[in-house]
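Notes to accompany the following structure.
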Amino acid sequence: MDLSAINPILLLASLMVAATPILLAAIGELVVERSGVLNLGVEGMMITGAVCGFIATITLGSSVLGFAGAALGGALLGLVFGLLTQVLLSNQVATGLALTLFGLGLAALLGQSYIGIKAPVIPKWPVPLLSDIPVIGPILFNHDPVVYLGILIVAAVWFFLTFTRAGLILRAVGENHEAAHALGYHVIRVRLLAIMFGGACAGLGGAYLSLVRVPQWTEGLTAGAGWIALAIVVFASWRPWRLLLGAYLFGGVTVLQLNLQAAGMAIPVAYLSMAPYLATIVVLVMMRAGRAPGSLAQPFHASR
Amino acid sequence: MIRLEKRTAPSRFWTYAAPVLAVVLTMVCGALLFAALGNDPFVTIRTIFLDPLFSEFSWYYRPQLLIKAAPLVLIAIGLSFGFRAGVWNIGAEGQYILGAICGAAVGLAFYPTESAFIFPLMVMAGALGGWAWAMIPGFLRVKFGTNEILVSLMLVYVAQNLLASMALGALRNPDASGFPGSRNLARYPSATSWINESAGLHWGVVFAFIAVIFAYITLSRHIFGFHVRLSGQSPRAARFAGVNPGLLVLICMGISGALAGLAGLFEVAGPSGLISIDFNAGYGFTAIIVAFLGRLHPVGILLAAGLMALTYIGGEIAQSNLRLPAAAIQLLQGMLLFFLLAVDVLTHYRVRFTSRRVA
Amino acid sequence: MTTPLLRLRGLTKAYPGVVANQDVSFDVQPGEIHALLGENGAGKSTLVKTIYGLVKPDAGLMELKGAPFAPAEPRAARAAGVAMVFQHFSLFDAMNVAENIALGMENPPPQREIAARVRQVSDQYGLPLDPTRIVGELSAGERQRVEIVRCLLQDPKLLIMDEPTSVLTPQEVAILFETLRRLRAAGTAILYISHKLEEIRALCDAATVLRLGRVVGTCDPRATSAREMAELMVGSSLHVPHKAARPEGDVILTLQGLSAKAPHRFGTALRDIDLTVRRGEILGIGGVAGNGQDELVAALSGEIRTARDMVQFDGQGIGHLAPNARRHLGLLAAPEERMGHAAAPDMSLTENALLTAAVRQDLTARGFVRWGKARAFAGSVIAAFDVRTPGAGNTARSLSGGNLQKFVIGREIMQAPAMLVVNQPTWGVDASAAAAIRQALLDLADKGAAVICISQDLDELMEISDRFAALNGGRLSAPRPAQGLSVEQIGLMLGGAHDMEVAHVDA
């Protein structure tokens, strides 16, 4: 084994890239859960976003439109979940699972004629001046725009939840939907919007996989990333900045594992590939989750 | 304006009618989907839902139905206990894989000895393997309050990697000159789960029927079944009634894990025959649909598994005869679950149409 | 004559199977405290929700200050100057006081300014409150202050208060009344909902009585006796339970330094409780909600396990035993929350009978349920306690609150307990059912069983108890004979014998 083949700066830089899809999906789910809804269909929305983004990029010839298409696809699938759980009052756990199964099928169907095509390369956007700083520059400031976008969304969500009136209402709805309803807030409307935002973010995360990480369309390319995103939301105790930490931790395990594979470590590939999943379990056990939003996964029906 | 009013008791009529309506709606939407894909919708629907039973080749397809339905029934019955109690084991696929690996390992360890004890030992190993794999999320939930949905799911990916390493390593057929995959257990008389291969009958089918009867009696007649239902509906009332919630989680996880492990063992020692990288066909996930489609009721699960097996077989026929993409069938199954969840609202709520709005 | 502040004319609202309000008309004058009086289920809640814009009436009109008033949602009602203090469900436990207040306002100023105004309003009306504290950690009285301050910051013309004193100690009630009088002096009208007659007589200027959704009378509460108002409210003269003198039995339950951690974040820890209870006596335990009532019941029922000798029953340490082992010994309990704790809402009454009676009524054989026997037992409870339901096959949810409570209490009493622990046995129950339940508890004690009755309704406790004790912050006061206790003494016991403010910091 040749550990010297692993370049720590490249490792840390690729960590940020590896964390981005999970980060995007998780920040969306965080908002959904803060509104009191548990959407287990992240994986399904992610893979739908992956395929929608890929198709949009290839047919429209623009990565920007591709990501927009991915967000739209994810949001639409999220809307299906929202209508079922919020309007038709179906069980959130079961519906989330159904969403994943449905999304996997839908994506496989939509993507069949796109297998084997390569996505256009998205150029990096080095941040002027900052990217020239040694060590830190290449790690933090020499990435494609979506990496920055992910961090930007985390910051925006944090600001939204902490400082805005709408964020306060969203938290209120998630904390105690009966009380929010009694005060005259539209529980279902708030939740539908949150769910669509969550879908859009999951879609972006999926598209990042199919357009940047892989970068082509293959069936099942999310490989559980959506589930890991769900785990990271719990790990983060529903707080945006801790989410960033969780995603980077996970990205680190993934990248390290890939690097060790490449360096020819004596452990079989299959065992190294387990690492991210095992790490997720360990993190779930070790981190005592904070307090979940009070109305999480409770059905809301305005009676009397 | 449409309003929903909660019923004081679930509607008896819709309890039975909702799944039927869901199937009908799925057929209608499926037909539209197939038409959009350029297939004749009527021919496709007929191919998927009727041909396996009534076409000229149905003598070949009917046994296939048993083979496909048996693991679905076994896994879904196990899951139904947990789902009723609010224990969400979503990782049956992983427990299924572990059951297969453990059971096959025992069988392969005895190769080529012939003995009547080998197969029962394999059955036990399979059940134990699935049970142990399910105990991990169960134990973590009880001990640390860890979310069992996420842990059991993560363990599916771990199990798949384990399966890959077994198929390429420890369990690889030493006589296969480097090809991945184990020896064929179905061709090893002491280890095969086949009873009558041409009739589609293997021990998994027998166990599936036993599981249905066992579950039916437990849920309707035994106090344990009552406690399972109570825990799912009102956890506080269950604790008041004397249920130990942690123990219940472990038992429910254990039952579902052991049954999924059994399903994996019977599959690997029969229809599949050998441990290979992708011998698992997603039964663990489809069984979740089956459990819900059957309303977590043993008899319902039996019917739902039959329906799901039908779409699998019919889907294969449609793939080869009509060039329908495999993904379309997966989509159809997802749609079925969606519609079921959607029409379920009719069971618990009354739909009212109100026109007047007093300003 | 001045224009009334609020005028209601012919308000009608029907739900399937129930007419909640029928042709309700009355006026509220500016600067008056107007009582809305009625039993549970008389339609008070529906009526005030209509005024607050949460419910749309089927027919009828409202006017506010002479102008038509039809709020489509609470926002509109608040904008028009109507504010409401809810009985339940309107605070957000995980958020701080200022955030909770901001949520109840239309165009809230920044948090810092809210904090300043909270302090100002608190001083003005005598309602001490720290805007940065997390609401889940406040006492019931403080939580109510949050609601009141939230309303006052809106500068309302009409303040609706739904059963505001049900969670307060007598001393806290006095503070509240003082605040309401100051508000009245400042010109705010108050619509005060209650079923406590003495309170209304002490506070209100006018009263409207509702029964079964209709207005059955209006009166001047200062000039009407409590008895007359009670008869208007109930529609017939009340049955007062009969309490006989009972001989003192031997000790059946001893609690020795009973302590237990709070079962969840907003629960209360039990601290060093000592108590003995004798056969044939009723011990009443009072206390403001959230001072350890649920936890004490759980420690007795077996839902919370403790060290073996902390709970001794019939001379035997049982602190470590599970609920069913305790039931086997004859210690039964009926928790406060009927739906989801004492009973499973979506299960039939037969199944709910099985829920606690499996052991003592021998409803299982080698683990298999004897459904026939369970059905028969449920049927006998229904018959003996006059539970109004078509049959034992109906779900618990289909029963009214009073009927379900009769079923829950009856289910325990029919098992012939040696000791019964009940928490809030008549909460949300109509007067006739409440009287029947109290009589059943008295009858049980007459037969020689010990009864612990935990309740926030002090009148109820004084009516049936032989001895009285109070829970405060998880501690139990020493029991005293109920006869001859004055309201002041009870108030001090409830307050934990500290003065008010200190008690709140503790809680």
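The values are calculated or read from the model by the stated rules, or taken from the named source; none is laboratory data. Everything numeric in this text was worked out from a predicted model, so none of it was measured. Cβ coordinates were reconstructed from backbone atoms using ideal geometry, including for glycine residues, and neighbour counts include every protein chain displayed.
Odds and ends about this structure:
- Residue that is surrounded by the fewest Cβ atoms within 10 Å (Cβ to Cβ) [pool: residues in the range B:277-310 that are farther than 27 Å from B:T47 by Cβ and within 14 Å of chain A (Cβ to nearest Cβ)]: B:I277
- Of all residues assigned to the range A:280-293, none qualifies as being of a type in the set (S, T, N, Q), crowded, with 16+ Cβ neighbours inside 10 Å and away from chain B (no Cβ under 11 Å).
- Only residues that are crowded, with 22+ Cβ neighbours inside 10 Å and either in contact with a Lys or Arg (Cβ under 8 Å, 6 or more places away or on another chain) or facing chain A (nearest Cβ under 9 Å) (or both) were counted across the range B:122-145, and they come to 2.
- Scanning the range A:56-81 for residues that are away from every other protein chain (no Cβ under 14 Å) and under 17 Å from A:S35 (Cβ atoms) yields A:G74, A:A75.
- Single residue of A:A207, A:A156, A:A182 found to be in contact (Cβ under 8 Å) with a residue 12 or more places away in the chain and not basic (K, R): A:A207
- Checking each residue in the range B:195-208 for being within 20 Å of the chain's Cα centre (by Cα) and in contact (Cβ under 8 Å) with a residue 24 or more places away in the chain picks out B:G200, B:L201, B:H202, B:W203, B:G204, B:V205, B:F207, B:A208.
- Filtering the range A:171-204 to residues that are part of a helix (DSSP H, G or I) and within 11 Å of chain C (Cβ to nearest Cβ) leaves A:R171, A:A172, A:V173, A:G174, A:E175, A:H177, A:E178, A:A179, A:A180, A:H181, A:A182.
- Tally of residues being within 14 Å of chain B (Cβ to nearest Cβ), hydroxyl-bearing (S, T, Y) and farther than 20 Å from B:Y157 by Cβ across the range A:205-249: 1
- Applying the condition of being part of a helix (DSSP H, G or I) and in contact (Cβ under 8 Å) with a residue 12 or more places away in the chain to the range A:130-148 and asking which residue is farthest from A:I22 (Cα to Cα) yields A:P138.
- Residue list for the range B:209-231, restricted to those being touching a residue at least 12 places away in the same chain (Cβ under 8 Å), of a type in the set (G, A, S) and within 11 Å of chain C (Cβ to nearest Cβ): B:S231
- In the range C:38-51, the residues that are within 11 Å of C:N21 (Cα to Cα) form Cβ pairs under 8 Å with partners that are assigned to a helix (DSSP H, G or I) and aliphatic (A, V, I, L, M), at six or more places apart or across chains, as follows: C:A42/C:M233.
- Members of the range A:223-263 found to be assigned to a loop (DSSP other than H, G, I, E, B) and either buried (at least 24 other Cβ atoms within 10 Å of the Cβ) or in contact (Cβ under 8 Å) with a residue 24 or more places away in the chain (or both), listed by number: A:G224, A:A236, A:S237, A:W238, A:R239, A:A263
- Check on C:F385, farther than 30 Å from C:G41 by Cβ, aromatic (F, W, Y) and in contact (Cβ under 8 Å) with a residue 24 or more places away in the chain: no
- With respect to (1) away from chain C (no Cβ under 14 Å); (2) hydroxyl-bearing (S, T, Y); (3) outside any helix (DSSP H, G or I), the lone exception for B:T47 is condition (3).
- Lone qualifier among B:A70, B:A100 - being touching an Asp or Glu at 6+ places or on another chain (Cβ under 7 Å), assigned to a helix (DSSP H, G or I), away from every other protein chain (no Cβ under 14 Å) and touching a residue at least 12 places away in the same chain (Cβ under 8 Å): B:A100
- Residue within the range C:406-420 that is among the acidic types (D, E) and surrounded by fewer than 21 Cβ atoms within 10 Å (Cβ to Cβ) present: no
- Within the range C:325-341, the set of residues being more than 16 Å from the chain's Cα centre (by Cα) and touching a residue at least 12 places away in the same chain (Cβ under 8 Å) comprises C:A325, C:R326, C:R327, C:H328, C:L329, C:G330, C:L331, C:L332, C:A333.
- The lone exception for C:A42 - which of (1) of a type in the set (G, A, S); (2) within 12 Å of chain A (Cβ to nearest Cβ); (3) within 27 Å of the chain's Cα centre (by Cα) it fails: (2)
- The requirement of being assigned to a strand (DSSP E or B) and within 24 Å of C:V429 (Cβ to Cβ) is not satisfied by C:A383.
- C:R308 being of a type in the set (K, R) and either within 14 Å of another protein chain (Cβ to nearest Cβ) or free of Cβ contacts under 8 Å to residues at least 12 places away in the same chain (or both): no
- Among residues of the range A:82-117 being among the aliphatic types (A, V, I, L, M) and more than 7 Å from chain B (Cβ to nearest Cβ), the one that is nearest to B:G294 (Cα to Cα) is A:L99.
- Taking the range B:73-91 as the range and being in contact with a Ser or Thr (Cβ under 7 Å, 6 or more places away or on another chain) and assigned to a helix (DSSP H, G or I) as the test, the residues that pass are B:G78, B:L79, B:F81, B:G82, B:A85.
For (1) in a strand (DSSP E or B); (2) crowded, with 23+ Cβ neighbours inside 10 Å; (3) within 8 Å of chain B (Cβ to nearest Cβ), each residue gets a yes or a no:
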{"site": "C:L321", "(1), (2), (3)": "no, no, no"}
{"site": "C:H328", "(1), (2), (3)": "no, no, no"}
{"site": "C:L332", "(1), (2), (3)": "yes, yes, no"}
{"site": "C:N352", "(1), (2), (3)": "no, yes, no"}
{"site": "C:R360", "(1), (2), (3)": "no, no, no"}
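- Looking only at the range A:109-164, and only at residues there that are of a type in the set (S, T, Y) and modelled with pLDDT under 90, the one that is surrounded by the fewest Cβ atoms within 10 Å (Cβ to Cβ): A:S113
- For the range C:407-422, residues that are in contact with a Leu (Cβ under 9 Å, 6 or more places away or on another chain) and not in a loop (DSSP other than H, G, I, E, B) total 9.
- Whichever residue in the range C:90-142 is within 24 Å of the chain's Cα centre (by Cα) and hydroxyl-bearing (S, T, Y) and, among such residues, is nearest to C:Q171 (Cα to Cα): C:S139
- Residues of the range B:1-14 that turn out to be more than 13 Å from chain C (Cβ to nearest Cβ) and part of a helix (DSSP H, G or I), as a count: 2
- Across the range A:264-302, the number of residues qualifying as in a loop (DSSP other than H, G, I, E, B) and more than 27 Å from A:R239 (Cα to Cα) comes to 7.
- Test result for C:A374, assigned to a helix (DSSP H, G or I) and in contact with an Asp or Glu (Cβ under 8 Å, 6 or more places away or on another chain): yes
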